[in-house]
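This report refers to the structure that appears directly beneath it.
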Amino acid sequence: FDTIARVSQALTRELESERVLSARVVDSGDLQTRYELEVQRLNTDERLKALWAALRIPGLAEKLPDTTFLITIDQLETLRDAIDLDATSSAASTGYSRAIAGLTGLATAMAPRDLSRVISAYMDLGNVKDRIGRSRVLLSSPATKGEVNRQSLVENDAEARAFLESFRINAAPRQLALFDDIVRGPVVAEVERLHRQSLAGMLGPGDRQTWDEAHVALLRLYSQAEDQMAIEMEQSVQANLKSTRFTFFLVVLGVIVLVGLSMESLRRS
């Protein structure tokens, strides 16, 4: 179960990176970005194959939650084809968001009980990143002519705040300390300022680059926090395994000692 949870987390991060690059390619058509997207797609494919291989482990199928909501390789290819042919950056973001939501649900469901809150906090942070990515592309959609869709931004910000609050409820003290140490400073303040201006109708086409750069910088901070949390979760899992093995050996040793004492008592009798 822990393996599937961690593979799901890894795939989520690859899809997030692919979504950002897809939106940039749709928006700019830059050849360098296109090359980066193709490389990223290969990385995503490897993670997706690893997930579905793990889901086919014998005896695991009946213990899994409903997997019909998980994206398949064919569905991902269909999404990519639609983006390559004719798509807006907002449409690209929406397609990836659905896939990421399915993986988030799977990772949370498959997390071990002793790590469930830690994993849930990690997934909450992923959902906040997802909403930051959505708000980033709101100004990039040609349909808005450079203006932010205020209603969409309000709804998106509300969801981001809800997931951030859930993160703070579920997170372990060490996770909170890592997050607060990394996700702070002028980047956070700049994004908040831009959102306030957009809701007040004070942003226009000229602010498009500033909006994009600020959100990309904020996503980078969240990714750094995720990386540190992933490392510590892995260390926690390994520590739990070592503790379990040590306990097992103690139990076996105790059983051997008891059997030996019983046999010696019978021999003397």
* Options Leu42, Leu48, Leu37, Leu15: the member that is open to solvent by 20 Å² or more (accessible area, probe 1.4 Å) and either in a helix (DSSP H, G or I) or over 13 Å from Glu77 (Cα atoms) (or both) -> Leu42
* Asked: Hey, does segment 28-39 have a residue that's modelled with pLDDT of 80 or more, under 24 Å from Glu226 (Cβ atoms) and of a type in the set (Val, Ile, Thr)?
  -> yes
* Could you tell me which of the residues Pro65, Pro58 is open to solvent by 70 Å² or more (accessible area, probe 1.4 Å), more than 27 Å from Arg136 (Cα to Cα) and modelled with pLDDT under 80? => Pro58
* Asked: Got a sec? Which of Ala171, Ala162 is among the small types (Gly, Ala, Ser), surrounded by 18 or more Cβ atoms within 10 Å (Cβ to Cβ) and within 18 Å of Thr104 (Cβ to Cβ)?
  -> Ala171
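Residues to consider are Val188, Val183, Val137, Val128; find the one that is modelled with pLDDT of 70 or more and open to solvent by 30 Å² or more (accessible area, probe 1.4 Å).
Only one candidate passes the filter, namely Val188.
Return the only residue of Leu218, Leu203 being assigned to a helix (DSSP H, G or I) and buried (at least 18 other Cβ atoms within 10 Å of the Cβ).
Leu218
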* Test: Leu241 is open to solvent by 80 Å² or more (accessible area, probe 1.4 Å) and at pLDDT below 70 -> no
* Asked: Within segment 100-125, which residues are of a type in the set (A, V, I, L, M, F, W, C), open to solvent by 20 Å² or more (accessible area, probe 1.4 Å) and modelled with pLDDT under 70?
  -> Ala109
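The values are calculated or read from the model by the stated rules, or taken from the named source; none is laboratory data. Since the model is a prediction, treat every value here as computed from it, not as a measurement. FYI the Cβ positions are ideal-geometry reconstructions off the backbone, even for glycines, and counts take in every protein chain you see. Accessible surface areas use protein heavy atoms only, side chains included; no ligands, DNA or RNA. Shrake-Rupley method; radii C 1.70, N 1.55, O 1.52, S 1.80 Å.
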